[in-house]
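Colleague: Let me begin by handing over the structure; questions about it come next.
The values are calculated or read from the model by the stated rules, or taken from the named source; none is laboratory data. These figures come from a predicted structure and were not determined experimentally. Positions of Cβ are backbone-derived with ideal geometry, glycine not excepted, and every protein chain shown enters the neighbour counts.
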C-alpha cells in the first residue's frame, strides 16, 4: 500500500461520522419483581417493628394484635391522628409503659399508616 492510500484510510477512519452504539438496558421481563405496594410495606413494617413490641408488652393480658385488627379500629389506629391512638397512649392502662424508643417506633408506623390513601 502506498503512503497516500494509508493516509486516506487513516483519515477516513478518524473522520467516520457513524455514531457509536450506546448501551440500552433490556426491557423488564415478567419475572422482574414488582415494587411492593404501600399496603404491604406498611404491613411488613408492622410485622418487623411493631408486632414484637406488642408481643412483649401487651399479649400477656390482651389477645394477639394483628395488623388487620389495628387498621380496622379507629381507636387503635388513631383515625388520622396517630398521636391520639390508644395503641400509643394506652388510655387508662395499667400495663407497662412504652419506652421513648418504643413509642417513637409505634408513632412512626402510625404516621405511615395515616398517610395511606
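Colleague: Scan segment 77-99 and tell me whether some residue there is surrounded by fewer than 18 Cβ atoms within 10 Å (Cβ to Cβ), more than 15 Å from residue 52 (Cα to Cα) and at pLDDT 90 or above.
Modeller: No, the conditions are met nowhere in segment 77-99.
Colleague: Return only the number of the condition from (1) over 19 Å from the mean Cα position of the chain (by Cα); (2) surrounded by fewer than 18 Cβ atoms within 10 Å (Cβ to Cβ); (3) in a loop (DSSP other than H, G, I, E, B) that residue 65 does not satisfy.
Modeller: (2)
Colleague: A further question follows. Pick from segment 68-86 the residues that are touching a helix residue (DSSP H, G or I) at 6+ places or on another chain (Cβ under 6 Å) and in a loop (DSSP other than H, G, I, E, B): which of them is nearest to residue 102 (Cα to Cα)?
Modeller: Ranking the qualifying residues of segment 68-86, first place goes to 85.
Colleague: Before we move on, is residue 46 at pLDDT 85 or above and touching a helix residue (DSSP H, G or I) at 6+ places or on another chain (Cβ under 8 Å)?
Modeller: yes
Colleague: Would you check which residues across segment 53-62 are surrounded by 12 or more Cβ atoms within 10 Å (Cβ to Cβ) and either free of Cβ contacts under 8 Å to residues at least 40 places away in the same chain or not in a helix (DSSP H, G or I) (or both) and list them?
Modeller: At the first step, the residues of segment 53-62 found to be surrounded by 12 or more Cβ atoms within 10 Å (Cβ to Cβ) are 53-55, 57-59.
Matches in segment 53-62: 54, 55, 58, 59.
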